[in-house]
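One structure below.
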Amino acid sequence: MTTVAVVQSSSVPFDAEATTRKAIKLIGQAAENGAKLALFPEAFLGTYPKGLTFGSPIGRRTEEGRDEYRRYFDGAVALDGPEMERLAETASEHGIFVVMGVIERVGQTLYCTAAMIDPEKGLVGHHRKVMPTGAERLVWGFGDGSTLSAVDSPVGKVGSVICWENYMPLMRQAMYGQGVEIYCAPTADDRDTWRDTVRHIALEGRCFVLSACQYITRDDFPEDYAPAFGQESGDVLMRGGSVIVDPTGKILAGPVFDEDVILVAEVDLAAKTRSHLDFDSVGHYSRPDIFRLQVDTTPRPAVDFVRD
């Protein structure tokens, strides 16, 4: 049996340094609870801009919206930057594998990314969201297939699928095909229905599913933050709902709403093997003579310099 943790808390919006300090403290608390793996919410380091429109009605962009984007861009991080280096040092200090939701800055584009940090090896993988949802497409780029890999951890094989990517059946199948054991689903979806989604994934993939969502209020944001809703002091912009589910769909911890919390649960990977007696979507319950999935993991840079 191994302990895993899901961290439900808030970013310090647009302040990567302050959020890093907060994450370091929370990683330490998760480790004190015996966790060997800790999952943080989507866009924890870098901010989920809940309610912002960035001044972009169809057919027009405002100068105020461009200023909002500049602040958002400046609060993002690079995977080889100092913030990630400090998180790797913290993971090493506490002997804990960390899956951190970040807004990743690459050139002049931002990606919604899940970074996977090994306590001994540092950054061992990252997944860029392949399909931002709705208006997220305005401020986030699209990840390609090169960041779909599940990675080994002290707890088991870990994969990450972000928020509504989890409604893409082939995306889930790509994770199952890699033998994912700890399926991480960082999200910004705080609806009651999200619990049903992650329980379905646990049953379908016969894996442990960890889902982390922020609990964040209007008061956590700067005074000049101008969301389209949740504008009053005390308004809750994301209410959490983080949860841990086992391969049979049993809820091990959560969901918890409207408070900061670190959820912990014991996982036994033998439960995954036992649950495959009657179902394996990429094995004995598949029909590859009828249905097959091909995953292109080739990197797709926009500019590729070829040298002789």
message = What is the ratio of the Cα radius of gyration of the stretch 14-53 to 2.2 N^0.38 Å, with N the residue count, to two decimals?
response = 1.37
task = Pull up the DSSP beta bridges for the chain and report the antiparallel fraction as a percent, rounded to 5.
result = 70
key: Rounded tilt (10° steps) of 82-94 against the dominant C-alpha axis of the chain   = 40
task = Tell me, rounded to the nearest percent, the portion of alpha carbon pairs in the stretch 169-308 spaced more than 24 Å apart.
result = 48
ask   = Once the principal axes of the Cα atoms of the stretch 226-308 are found, what is the range along each, listed largest first in whole angstroms?
value = 55, 50, 26
request  = Take the alpha carbon atoms of the stretch 66-180, find their radius of gyration, then divide it by 2.2 N^0.38 Å using N residues; give the quotient.
outcome  = 1.10
inquiry  = Using protein chains only and a probe of 1.4 angstrom, how many square angstrom of HIS276 are accessible, to the nearest 10?
reply    = 40
request  = DSSP loop (so not H, G, I, E, B), at most 11 other Cβ within 10 Å: list which GluC sites (Glu not before Pro) in the stretch 220-308 pass both filters.
outcome  = GLU223, GLU232, GLU259
remark   = Judged on accessible area alone, 1.4 Å probe, highest first, SER275, SER92, SER286 line up as SER92, SER286, SER275
request  = Towards the positive end of the charge dipole of the stretch 1-153, with charges on Cβ (+1 Lys, Arg; -1 Asp, Glu), say which of ILE27, ALA88, GLY101 has the farthest Cα.
outcome  = GLY101
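What ratio of Cα Rg to 2.2 N^0.38 Å holds for the stretch 3-107? Present the calculation step by step, with values, prior to reporting the outcome.
Working: Rg = 15.6 Å, N = 105, 2.2 N^0.38 = 12.9 Å.
Relative to the rule-of-thumb radius for its length, the stretch 3-107 sits at 1.21.
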task = Name the residue, out of THR273, THR53, THR62, whose mean-square fluctuation peaks in a Gaussian network model built on the chain with Cα pairs under 10 Å.
result = THR62
query = What length, rounded to one decimal in nm, is gained on full extension from ARG60 through to ARG86, with 0.36 nm per residue of separation minus their alpha-carbon distance?
reply = 5.4 nm
task = Pick out, from GLY125, TYR176, VAL158, the residue whose Cα sits farthest towards the positive end of the charge dipole of the chain, with +1 on the Cβ of Lys and Arg and -1 on the Cβ of Asp and Glu.
result = TYR176
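Run the accessible area of the chain with a 1.4 Å probe and give the carbon-and-sulfur part as a rounded percent.
Exposed carbon and sulfur together represent 49 percent of the surface.
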query = If you count, for each residue, the other Cβ atoms within 10 Å and average over each peptide, how do 107-114, 5-12, 292-299 line up from highest to lowest?
reply = 5-12, 107-114, 292-299
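The values are calculated or read from the model by the stated rules, or taken from the named source; none is laboratory data. Only a predicted model underlies this, so the values are computations on that prediction, with no experimental measurement involved. Cβ coordinates were reconstructed from backbone atoms using ideal geometry, including for glycine residues, and neighbour counts include every protein chain displayed. Just so you know, the surface numbers come from the protein's heavy atoms only, side chains and all, with ligands and any DNA or RNA stripped out. Shrake-Rupley method; radii C 1.70, N 1.55, O 1.52, S 1.80 Å.
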